[in-house]
Amino acid sequence: MRIGIDVGGTFTDIVGFDDDSGQIHYAKTLTTPHDLTQGVIQGINDLLSEAGIEGSSPNRENPSIQGVVHGTTIGTNALIEKKGALTGLITTEGFRDVLEIGRVQRPPEALYDFTVDNPPPLVPRFLRLEVKERVGADGSVVVPLDGDSVRKSVRFLKEQGVKSIAVCLLFSFLNDNHEKRVADIITAEIPDAFVTLSSIISPEFREYERTSTTVLNAYLLPIIKKYLDDLSRRLKGEYLVNDLRIMQASGGSMTVKVARERAINTVNSGPAGGALAGAFMGSIVGEPKLITVDMGGTSFDIGLVEDGKPKVSSDGVLEDYPAKIPMVNIYAIGAGGGSLARVEPGGVLEVGPQSAGADPGPVCYGHGGQQPTVTDANLVLGRLNPDYFLGGRIHLEVEAAKEAMQDKIASPMGLTLEETAAGILRVINAKMAKGITTRTTQKGLDIREFALMAFGGAGALHAAEIAEELGMTRVVVPPYAGNLSALGLLVADARHDYTKTIMLKDDDLKVGNIAEVLEELQQEGYRQLHAEGIPDERASFILSADLRLEGQSYDLNVVFPDFKGKCTRKVLDRIVKDFHRLHEQVYAFKAVDEVTEWVNLRVTAIGHAAELNLPELKPGAGEKPRPKRRHQVYFFGKGFKEVPVYERSEFAPGDAVKGPCLIEEIISTTVLPPGWDLAVDKSGCLLLNKVD
């Protein structure tokens, strides 16, 4: 069995695919913040039990688990909470303040709020130290490295208790010899130090972004390494798992060995799995243009799929810090089932971004939560079955939710309980709809051309109403919706990205030099894939280049067309034409007479994952779906209505129902409002359509 594990802020989701039977098994358990591995082990035990494999001790002659792919939020949480390692920075003399000066820009929201500012550097100024050295813009050594100045800086950092050190020297992406020598000195002075070199983590130009990326990796490295070591030990000890892969923000996976050095690549890995799963399910139902929304207990993650693939960018931002690594374009807002509702001092109802998380969780969990949440509102409005949450494993306390909502919000605002719960859902729906328009309409995309794919434990509760607010008419709720991000981990290919800055005008470009660099980067990729046991027949490469017009500050990435044999001038001319076409699409103008500059060459090495074929639903008997019960449910503009409640597992291909109704399953619930209908396809996807 291959297993995907997605550890979220509230729940840990597990999906297992049995290659022998072709069946999928899943489990969901509360995340254990004090020790994340505990929740992972509990989830795997629940999964094996559900699959009929009892106990956590495997048959050592025939291990139950062949491989695990893991997405984790531990790096994301460390950044949010600023709980990374005490980090030092060693840089070229005169450049210690690059990290603080940045681009001399304030955040966009500061346009209307003078109290907003950029986040403080992760390395305070007294731990940012300079060494005597200088490499020129052509890679030549201008000032030799002064070893004594390095030793002095390292010893100071040691005195301050620093164990993780980022090294970012000027133009080291062209000549990394000085950075390697600094690393050797650090290891000699502090043998157990964690060292991050910019020439390895981000070997490309842009001093501020490169420094920021290097520091981010150093800040997270000790935490990520300890967690991965603990997890590897437990998985190997309890399940004989030797093949543990870690999901990356890019939508690809990497080995634990690589992840131990590239901690920054693990940030946002869970949401990346969701976008990947969305694209995978979209290919099954024939929807190549999707807006994916993953609503869990803590956040609402928005992804964009065009031409059947999630959008990936190499200019990302992690908690307002620039990160020059490939990342699936995920936009997260604090809107989940655990988002806290409260009355602001001005008497306004506010929901999120703070969350009740897994501990104590919503009031209705009965674990000590006092403040009403979105989950409590859904429960009060009849949209959740208190006896069927997680298949009945958690009983939801309706009266406790009502009492907290009445005391904390309804009474202070002079509202009825019904108005309060509905108001909470309206506020959170509006926030989620605004988040989607930020990533689509405001970037020139016609949202009506897309379908909304909703997953996560709470996604299908809100999807149709969000779509209606946005003018969208199609919603897809995939099977295993509550655990879809974990399923996405199982379809993730191995991925490794390589970059080389060339910085040449198009007229100065030499075809032979370009071909040589691309070949060099591809060979790096082959070596890594071979080291992971991936044969050539499962390997492929994506070649691309970053181009810009002379004088511009930022560039656009253009993928090379397929070409057989040698790279020719004709191929490069095609790249330039595609760049001008993309420039016009993004900026609404093109300037073909301007000088074009080639900035970076990029190669992505892909090791294709084993195929995953979802089991199809069994044909039904031709009868109309029968509800398992009827229940009072609140709908906007209609109030409470008695509606049918269906069990999703009883649906067959071709079944259809009309709203209003509820569709329940063990790990999720779908709300079908009035004016919507639903059809079931052979894969088990629920296809929702607005009919009036």
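The values are calculated or read from the model by the stated rules, or taken from the named source; none is laboratory data. Quick caveat: nothing in here was measured; it's all calculated off a predicted structure. Neighbour counts run over all protein chains shown; Cβ positions are idealised from the backbone, glycine included.
Just to be sure before I move on: is Glu469 touching a residue at least 12 places away in the same chain (Cβ under 8 Å), surrounded by fewer than 22 Cβ atoms within 10 Å (Cβ to Cβ) and not assigned by TED's automatic domain parsing to the domain that holds Phe563 in the structure I sent? Working first, answer last.
Working: touching a residue at least 12 places away in the same chain (Cβ under 8 Å): yes; surrounded by fewer than 22 Cβ atoms within 10 Å (Cβ to Cβ): yes; not assigned by TED's automatic domain parsing to the domain that holds Phe563: yes.
In short, yes.
Of the strands (runs of 3 or more DSSP E) lying entirely inside the range 189-268, those containing at least 1 residues that are closer than 29 Å to Tyr331 by Cβ, modelled with pLDDT of 95 or more and touching a His at 6+ places or on another chain (Cβ under 8 Å) are 244-247, 253-255.
Of all the criteria given as (1) of a type in the set (A, V, I, L, M, F, W, C); (2) at pLDDT 95 or above; (3) not in a strand (DSSP E or B), the one not satisfied by Leu99 is (2). What about Ile542, is it touching a helix residue (DSSP H, G or I) at 6+ places or on another chain (Cβ under 9 Å) and either within 30 Å of Ala610 (Cα to Cα) or of a type outside the set (D, E, K, R) (or both)? Here the answer is no, as Ile542 does not meet what is asked. The residues of the range 564-617 that are among the acidic types (Asp, Glu), exposed (fewer than 14 other Cβ atoms within 10 Å of the Cβ) and outside any loop (DSSP other than H, G, I, E, B), listed by number, are Asp573, Glu584.
Counting only residues that are assigned to a helix (DSSP H, G or I) and closer than 17 Å to Tyr208 by Cα, the range 128-153 holds 0 of them.
Within the range 105-147, the set of residues being over 26 Å from Ala183 (Cα atoms) and in contact with an Asp or Glu (Cβ under 6 Å, 6 or more places away or on another chain) comprises Val116, Pro119. Across the range 262-290, the qualifying residues are those that are touching a Lys or Arg at 6+ places or on another chain (Cβ under 8 Å) and buried (at least 24 other Cβ atoms within 10 Å of the Cβ), and the one among them that is farthest from Thr473 (Cα to Cα) is Ala263.
When Ser540, Ser544, Ser553 are screened for being within 26 Å of Met327 (Cα to Cα), part of a loop (DSSP other than H, G, I, E, B) and among the polar types (S, T, N, Q), only Ser553 passes. Within the range 421-456, being without any contact (Cβ under 8 Å) to a residue 40 or more places away in the chain and of a type in the set (Ser, Thr, Tyr) holds for Thr437, Thr441. Are there any pairs with C-beta distances below 6 angstrom linking a residue in the range 132-152 that is assigned by TED's automatic domain parsing to the domain that holds Ile165 and more than 21 Å from Thr501 (Cβ to Cβ) to a residue that is surrounded by 14 or more Cβ atoms within 10 Å (Cβ to Cβ) and of a type in the set (Gly, Ala, Ser), with the two at least 6 apart or on different chains, and if so which? Hits for this filter: Lys132/Ser149. Taking the range 313-339 as the search range and keeping residues that are surrounded by 24 or more Cβ atoms within 10 Å (Cβ to Cβ) and in a strand (DSSP E or B), which one is modelled with the lowest pLDDT? Looking at residues that are surrounded by 24 or more Cβ atoms within 10 Å (Cβ to Cβ) and in a strand (DSSP E or B), I get Ile330.
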